[in-house]
1. Go through (1) of a type outside the set (Val, Ile, Thr); (2) within 16 Å of the ligand (Cβ to nearest atom); (3) open to solvent by less than 50 Å² (accessible area, probe 1.4 Å); (4) at pLDDT below 95 one by one and return the number of the condition Gly317 breaks.
2. Are any residues in segment 160-200 at pLDDT below 90 and polar (S, T, N, Q), and if so, which ones?
3. Of the conditions (1) surrounded by fewer than 23 Cβ atoms within 10 Å (Cβ to Cβ); (2) under 19 Å from Ser357 (Cα atoms); (3) at pLDDT below 95, Glu448 fails just one. Which one is it?
4. Applying the selection to segment 328-355, what residues are surrounded by 13 or more Cβ atoms within 10 Å (Cβ to Cβ), not in a loop (DSSP other than H, G, I, E, B) and not β-branched (Val, Ile, Thr)?
5. Could you list, in sequence order, the residues of segment 261-298 that are closer than 30 Å to Ile596 by Cα, surrounded by fewer than 18 Cβ atoms within 10 Å (Cβ to Cβ) and within 21 Å of the chain's Cα centre (by Cα)?
6. Six or more apart or on different chains, Cβ under 9 Å: which pairs go from a residue in segment 508-526 that's within 21 Å of Leu496 (Cβ to Cβ) to one that's small (Gly, Ala, Ser) and open to solvent by 30 Å² or more (accessible area, probe 1.4 Å)? Could you list them?
7. For His95, work out the one condition from (1) open to solvent by 30 Å² or more (accessible area, probe 1.4 Å); (2) at pLDDT 95 or above; (3) of a type outside the set (Val, Ile, Thr) it doesn't fulfil.
8. If you scan segment 339-361, which residues turn out to be closer than 24 Å to Gly3 by Cα and at pLDDT below 95?
Amino acid sequence: MCGIVGYAGPRAQAPSSRPVDVALQGLARLEYRGYDSAGVAVIDDGSLRVTKRAGKLANLREALEGGAETTGQVSIAHTRWATHGGPTDVNAHPHQGGRQGEIAVVHNGIIENFAGLRAELEADGFSFLSETDSEAAAHLVAREMEGVGDLTEAMRRAAASLEGAFTLLAVHQDAPDTVVAARRNSPLVVGLGEGENFLGSDVAAFVDSTKEALEIGQDQVVTVAADEVRIIDFDGTEVTDAKRYTIEWDAAAAQKGGYDSFMAKEIHEQAGAVADTLLGRLENGSLKLDEMDIDPSVLRSIDKIVVVACGTAANAGAVAKYAIEHWCRIPTEVELAHEFRYRDPVVTEKTLVVAISQSGETMDTLMAVRHAREQGAKVIALCNTRGSTIPRESDAALYLHVGPEIAVASTKAYLGQIAACYLLGLFLAQTRGNLYPDEIAALMGDLEQIPDQIQQVLDSSAQVEKLAQDMKDVSSVLFLGRHVGYPTAMEGALKLKEIAYIHAEGFAAGELKHGPIALVEEGQPVFVIVPSPNGRHSLHSKVVSNIQEVRARGARTLVIAEEGDEAVLPYADEVIWVPATRTLFAALLTVIPLQIFSCELATAKGLDVDQPRNLAKSVTVE
Ligand code: AGP
């Protein structure tokens, strides 16, 4: 959701790299988060200049052309995803606050007590122009500044009186060298440059300028100048132990690299991504997860696992259930994170909660993590983004290492999440003695074959691409699967909905006869994910029967099956072959044709594949 950039440095004189340019470059890198308006504020010759426009960054760039000369040293900028008030120029950030408009503020999150604050500030003579909650924060910081004359202290006082979730960045014309920021329940990271410093809602905002970053903790205020970064907490106490780290992501990894879309590129990176998730986990025949610092005795005592996640991450969690219950014999529930805490779940000190999140900032998942910890549960986060809030607030973290995922539709992170779930399941089985070392080694051996098998699926993508192009005008697609094929069907349907805007449903194939089969009419496309014919024969034959059921009612059957599985041939209108692997591990292969199908179909329809309508990459509101 909203992207935030801040800059303090000496670039004033360099053409194309003035503070306003640094801010725009940062916003461009954050575009993937999703937005519907954008704006920037600079201090030019002692005066604050704010430019903002509804729509894409191009509109803002056009508005800035020929203007916004900046001899100053700071900038703040924002891409907004509308919550309070529509996506208009006026509602776009930065918002100016103060009696003379002397301060500019950008905000990510939701200020819950904004209505009362607005009434109070209006009574005190402050004029509001927008419908946003954020403008109240701008006036509030300005009013505090009138009293204390120091921007850091003004921000601290204002932030301490706000309720809800926020990252705030402010510049004031009386403090032309500094940007001051505050955060609560919303992401903020500092980039440490040589004689210049950056702020961002994530490291993508500045990764092309510096790889050194500083984590900003909960309820902290950070003041950034060209050669200084100072952090205090909301009580005013100096923070001296902020965690510094080096960003592993390469700036080039965030470029499209010749593909039509980031989504296409990320799909084609999946072999390497899964290899990176698995890399270096096995040492002397024993699984090692270094980020796992929960005492083994605690892991041995757990009697239930609850996986909390949203969207695609929840589908990865559904795969985890099959693996963990099978290998570890621990009852495992998968819960949409936003439903978790509201149903008063049974969580005890013997519950292990597994939070899965690519971004590590999804508010629904974060709230579930907090609720679980309040009940005494241990929480393990499976995340992609280092330094993000969910792993920081968990007892242990297992990182995916799949690199930056830019497209709103998650693909390589999904595979990384599933691979990380397998690692966690095997680690628990090892720690609790459910599997013998040779069994774990055999499973790891097969898992390590998967990246090559992913590459084989990717190398034969032409068939699915052609299918997608031919089907670009369909209005509805169904997806069926059993066992790990069920979450795969759910994920296939989610991908098609979110980027191609086509009605799609994923079903457990066994559920078909209980209702959904009524949807099947002549020509209805139905993808069916068929499990391996080896190992669990009854599972395989049940799915083959499901193909027959829908075909008998006129469906066009698009079957994803293991190479050599001739049993599907009589009932399939089209077969997409994937290499043979264990039934459990097939979840890493069978979803790939479905990802390619959605990506190619949305591209053929001329849609914005990477930034689908109404969606944001990182959903930082509940
Ligand atoms: C995936 O394609 C979606 N855009 C979305 O469902 C996403 O997986 C969900 O919002 C969770 O995000 P997270 O992994 O960053 O927590």
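The values are calculated or read from the model by the stated rules, or taken from the named source; none is laboratory data. The structure presented is a predicted model; accordingly, all values stated were derived computationally and were not measured. Here Cβ is always computed from backbone atoms with ideal geometry, including for glycine, and neighbour counts include all displayed protein chains. For the accessible areas, the whole protein counts, side chains as well, though only heavy atoms, and no ligand, DNA or RNA atoms are used. Shrake-Rupley method; radii C 1.70, N 1.55, O 1.52, S 1.80 Å.
1. Exception for Gly317: condition (4).
2. At the first step, the residues of segment 160-200 found to be at pLDDT below 90 are 164-165, 185-187.
Passing the criteria: Asn185, Ser186.
3. So the condition that Glu448 fails would be (2).
4. Result: Cys328, Glu333, Glu335, Leu336, Ala337, His338, Glu339, Phe340, Arg341, Leu352, Ala355.
5. Gly272
6. Taking only residues 6 or more apart or on different chains, the pairs are Ala509/Ser545.
7. Among (1) open to solvent by 30 Å² or more (accessible area, probe 1.4 Å); (2) at pLDDT 95 or above; (3) of a type outside the set (Val, Ile, Thr), the lone unmet condition for His95 is (1).
8. Correct list: Ser359, Gly360, Glu361.
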